[in-house]
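In what follows, a single structure is set out as structure tokens and then discussed.
Every number in this text was worked out from the coordinates using simple rules, so none of it is lab data. Values in this document were obtained by computation on a predicted structure and should not be read as measured data. Cβ coordinates were reconstructed from backbone atoms using ideal geometry, including for glycine residues, and neighbour counts include every protein chain displayed.
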Amino acid sequence: MTAITNRLKDELTARRDDLIALTQALIRIPTLNPPGANYREICEFLGQRLEKRGFDIQMIRATGAPGDSDRYPRWNVMARREGRHTGPCVHFNSHTDVVEVGQGWTVDPFGGEVKEGRIYGRGACDMKGGLAAAILAAEVFVDLCPDFHGAVEISGTADEESGGYGGVAYLAEQGFFAPDRVQHVIIPEPLNKDRICLGHRGAWWAEIETRGEIAHGAMPFLGDCAVRHMGAVIDAFESRLYPAMAQRRTDMPVVPEGARQSTMNINSIHGGEPEPPDDYTGLPAYCVPDSCRVVIDRRYLAEETHAGVAGEVRALLDDLKATRARFDYRLQEINHVAPSMTDREAPVVTTVAQAIREVMGKAPEYVASPGTYDQKHIDRIGRLKNCIAYGPGVLELAHKPDEWVGIDDMVQSAQVMALSLATLLLTD
Ligand SMILES: [Zn+2]
């Protein structure tokens, strides 16, 4: 195995310029989501490249998925190359979408500029650098080891940044991640080149509305103020829910450390009159608000349950209903994602861990993600447990201005991926 290990590593070092050019080309296709632009362009680009290397290409539109329209179709690409003998399938899944640019850039966000060993651009780190590294790893592997067993797959999928329903969730529903079709999945999200991400916390999003009664603002006692009722809800969160959540610690290796407990964000609050248009120059009308809404984003631990998390919020609201005059509420779940954790002894984990030791000369760190990513769909819909996130890039740079990915990091993580393919698909 040592001879092939060194050849794979050397060949990836030699193809560094190709890796840079591929990453730049991907960054230059502005796949902004929302709205979900240029998915077809990036899928065709990937398909054309991999077809030349002997991969079978399927273009799959997630017709009817949330966000899919004729103007912004949700295209996905699936590339598969069969080996010469039967064996397992190793799949690399990358999302092709990037989040909005935002303020504060000093370089062109879609320029792919190279400076001091880094490639800059929106999506450089999250996760076009990881996608490019996986492609180079697969290409080098099939070139040097054409006699391999099983199959290598690469997918480029839509909409991860908005939940993955037009991407991996759709493909999983179509059976692409069924355990009899795919046996090992690596998602090259930017978790740092020496870390293996085993899974993520759960998430529960809900909208709470308090109701009141509209009246003239000069006689508020004739109405009922929904914003004051919401004040009581937030007060109950502060005095009861947040302290209770702060007590709950998880055994999951979540990074950063602050996310190793239950957390909740209040995303938004809207009460009373809608915001006037920017060109409105009048004063507000005098009304007692009859509705106030908040959206909450509750991240939960493997040790908690969906029912427990939702029930805890509902119990607080029911207490207010029992004790506070005229209090009434509506609670509506917006979305739910169960926590996902792959076993440390799963074959994809031990394989990638060994490859990290060989390339970087040190043991990997095992982590879990504070937020969710496409592993949730592979686990829940695909029923495949042998899945990790592993890829180049510094997690903290994702979604930030002047996002970049380090070229040496990409080369090294591509080496880790190629060595992992050798372990899983070659028999001596
Ligand atoms: Zn990502």
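Residues that are surrounded by 24 or more Cβ atoms within 10 Å (Cβ to Cβ), on the phi > 0 side of the Ramachandran plot and either of a type in the set (Lys, Arg) or within 15 Å of the ligand (Cβ to nearest atom) (or both): does region 159-168 have at least one? Looking for residues that are surrounded by 24 or more Cβ atoms within 10 Å (Cβ to Cβ), on the phi > 0 side of the Ramachandran plot and either of a type in the set (Lys, Arg) or within 15 Å of the ligand (Cβ to nearest atom) (or both), one finds at least one in region 159-168, hence yes.
Look at ALA368 and say whether it is outside any helix (DSSP H, G or I), among the hydrophobic types (A, V, I, L, M, F, W, C) and within 16 Å of the ligand (Cβ to nearest atom). Even if it seems obvious, please write down each step before you answer.
Working: outside any helix (DSSP H, G or I): yes; among the hydrophobic types (A, V, I, L, M, F, W, C): yes; within 16 Å of the ligand (Cβ to nearest atom): yes.
Spelling it out, ALA368 is indeed outside any helix (DSSP H, G or I), among the hydrophobic types (A, V, I, L, M, F, W, C) and within 16 Å of the ligand (Cβ to nearest atom).
Only one of the listed residues (THR372, THR423) is surrounded by fewer than 23 Cβ atoms within 10 Å (Cβ to Cβ) and in contact with a strand residue (DSSP E or B) (Cβ under 9 Å, 6 or more places away or on another chain). That residue is THR372.
All conditions but one from (1) out of contact with any Phe, Trp or Tyr (no Cβ under 7 Å at 6 or more places or on another chain); (2) crowded, with 19+ Cβ neighbours inside 10 Å apply to LEU331; the one that does not is (2). All of (1) touching a residue at least 12 places away in the same chain (Cβ under 8 Å); (2) out of contact with any strand residue (DSSP E or B) (no Cβ under 6 Å at 6 or more places or on another chain); (3) more than 22 Å from LEU425 (Cα to Cα) hold for CYS43 with one exception: (2).
A single entry from GLY117, GLY102, GLY87, GLY67 fulfils the requirement of being within 16 Å of the ligand (Cβ to nearest atom), over 21 Å from ARG49 (Cβ atoms) and in contact (Cβ under 8 Å) with a residue 40 or more places away in the chain: GLY102. I'd like to know if region 210-221 contains one or more residues that are away from the ligand (no atom under 16 Å from the Cβ) and assigned to a helix (DSSP H, G or I). Within region 210-221 (the criterion being away from the ligand (no atom under 16 Å from the Cβ) and assigned to a helix (DSSP H, G or I)), the answer is yes, since at least one residue qualifies.
Within region 130-157, restricting attention to residues that are in a helix (DSSP H, G or I) and under 15 Å from the mean Cα position of the chain (by Cα), which residue is nearest to the ligand (Cβ to nearest atom)? Looking at residues that are in a helix (DSSP H, G or I) and under 15 Å from the mean Cα position of the chain (by Cα), I get GLY130.
Can you tell me which of (1) within 16 Å of the ligand (Cβ to nearest atom); (2) more than 29 Å from the chain's Cα centre (by Cα); (3) not hydrophobic (A, V, I, L, M, F, W, C) is the one LYS193 doesn't meet? Condition (2) is where LYS193 drops out.
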